[in-house]
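As structure tokens, the structure follows; a few thoughts come after it.
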Amino acid sequence: MSKEKTIKNKILEYIYVVSKQPILLKDLLVANRQYNEGMHVDPIKLGFRLILMRAYVVYIGIVLAILVPISFLTHKALAKIDPHISILGAMVITATIFMGFNFFRDKMRDIMTKELIQKSWKLHFPFFSYEEYSMKIDEIFDNSIKDEVSKRDLEKYILDKLTTL
């Protein structure tokens, strides 16, 4: 992760455990392909795991930071109107909170996936920027599968193909 500690990075470090083991080249290429296709990448392949209790704590903190000020602003107006509307509103807000946790968890996993792919990219392909070569290497990896290149020769195959681009 980057050296500067943003709120996002602090949250990610708090809710995820990241392995110190480097990501294998083939796992990186598979993860990159899945990420580029908009699929969820297996966290085990990238070496990270969610600490669910900490994720709940962060999510509750975010929800409270949003709902408490809104509640202070709308309390008087809602107290004067029909209580049935307040009850319905509470039901909708409660349902939104419970559904929102899944979106929060998925978003955090996608952010963590991208950061770990980019970090590992710098290790395996230090002279090729992720933004520029991600799709090109994905195509080369697809061709290597078709050509039945072994794991041992995969890095050489990709680097040879990159030099001919």
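The values are calculated or read from the model by the stated rules, or taken from the named source; none is laboratory data. In this text the structure is predicted, and so the values were computed from the model without any measurement. Positions of Cβ are backbone-derived with ideal geometry, glycine not excepted, and every protein chain shown enters the neighbour counts.
Taking the stretch 10-64 as the range and being charged (D, E, K, R) and within 24 Å of Asp153 (Cβ to Cβ) as the test, the residues that pass are Lys26, Asp27, Arg33, Lys45. Determine whether the stretch 49-64 contains at least one residue that is out of contact with any helix residue (DSSP H, G or I) (no Cβ under 7 Å at 6 or more places or on another chain) and either over 17 Å from Ile11 (Cβ atoms) or at pLDDT below 95 (or both). The answer is no; no qualifying residue exists. Checking each residue in the stretch 124-156 for being farther than 16 Å from Val30 by Cα and in contact (Cβ under 8 Å) with a residue 12 or more places away in the chain picks out only Phe128. Reported count of residues in the stretch 42-92, each being without any contact (Cβ under 8 Å) to a residue 24 or more places away in the chain and over 16 Å from the mean Cα position of the chain (by Cα), is 32.
No other residue among Ala90, Ala95 is farther than 26 Å from Pro43 by Cβ, at pLDDT 95 or above and part of a helix (DSSP H, G or I) apart from Ala95. Checked against (1) outside any helix (DSSP H, G or I); (2) modelled with pLDDT of 90 or more, Phe104 passes all but condition (1).
Among the criteria (1) within 30 Å of Ser129 (Cβ to Cβ); (2) touching a helix residue (DSSP H, G or I) at 6+ places or on another chain (Cβ under 9 Å), the one Gly38 does not fulfil is (2).
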